[in-house]
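The values are calculated or read from the model by the stated rules, or taken from the named source; none is laboratory data. Only a predicted model underlies this, so the values are computations on that prediction, with no experimental measurement involved. Methodologically, a virtual Cβ is constructed for each residue, glycine included, from the backbone with ideal geometry; neighbour enumeration extends over all protein chains shown.
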């Protein structure tokens, strides 16, 4: 049984660039089930959050091995790219349904300024890539003691 949810236009705001990217992806990538297509930007889900000391990025990469992933930081842009390989031991005519996508994927996101990319740490566990990037000392919040006169 499916659940009907009320549409909220402010729930997931989309930028004009996202809308244009989606339009072009939908125009050129057939929506047939079982079609072999690269994983689109929309399918590479990430979470990014910050603490006092660092920014953490988590990317869901199910079925991808750590050696198939490349992470780069250029300036304030983080790029995650890799390849999800198709299982070759199953014949196409034996599939009843094939919805997982295979191929090359890439996603770039803007990072906050003032991070120390050279000290970043990456870990890969249970299909989730976790990248921890420390903040530089200049942008960490500092407490200033107020002294009475």
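Could you count how many residues in region 33-59 are at pLDDT below 90, out of contact with any helix residue (DSSP H, G or I) (no Cβ under 9 Å at 6 or more places or on another chain) and either outside any loop (DSSP other than H, G, I, E, B) or under 12 Å from residue 101 (Cβ atoms) (or both)? Summing the residues that are at pLDDT below 90, out of contact with any helix residue (DSSP H, G or I) (no Cβ under 9 Å at 6 or more places or on another chain) and either outside any loop (DSSP other than H, G, I, E, B) or under 12 Å from residue 101 (Cβ atoms) (or both) in region 33-59 gives 8. Select, from 122, 84, the only residue that is surrounded by 14 or more Cβ atoms within 10 Å (Cβ to Cβ) and touching a helix residue (DSSP H, G or I) at 6+ places or on another chain (Cβ under 8 Å). Among 122, 84, only 84 is surrounded by 14 or more Cβ atoms within 10 Å (Cβ to Cβ) and touching a helix residue (DSSP H, G or I) at 6+ places or on another chain (Cβ under 8 Å).
Number of residues in region 40-59 that are under 14 Å from residue 120 (Cβ atoms) and more than 13 Å from the chain's Cα centre (by Cα): the value is 4. For region 96-107, taking the residues that are touching a residue at least 12 places away in the same chain (Cβ under 8 Å) and part of a loop (DSSP other than H, G, I, E, B), the one that is farthest from residue 22 (Cα to Cα) is identified as 97.
Restricting 110, 84, 117 to residues that are free of Cβ contacts under 8 Å to residues at least 60 places away in the same chain and within 12 Å of residue 69 (Cα to Cα) narrows the list to 84. Selection of region 65-81 for residues being in a strand (DSSP E or B) and surrounded by 13 or more Cβ atoms within 10 Å (Cβ to Cβ) yields 69, 71, 73, 78, 79, 80, 81. For region 94-149, a tally of residues being on the phi > 0 side of the Ramachandran plot and under 18 Å from the mean Cα position of the chain (by Cα) returns 3. Within region 128-149, if we keep just the residues that are over 13 Å from residue 54 (Cα atoms) and modelled with pLDDT of 90 or more, the residue that is surrounded by the fewest Cβ atoms within 10 Å (Cβ to Cβ) turns out to be 128. The residues of region 100-119 that are surrounded by fewer than 16 Cβ atoms within 10 Å (Cβ to Cβ) and farther than 14 Å from residue 80 by Cβ, listed by number, are 100, 103, 112, 113, 114, 116, 118, 119. A single entry from 13, 62 fulfils the requirement of being within 15 Å of the chain's Cα centre (by Cα), surrounded by fewer than 12 Cβ atoms within 10 Å (Cβ to Cβ), over 21 Å from residue 117 (Cα atoms) and modelled with pLDDT of 65 or more: 62. So is residue 93 part of a helix (DSSP H, G or I) and at pLDDT below 80 or not? In short, yes.
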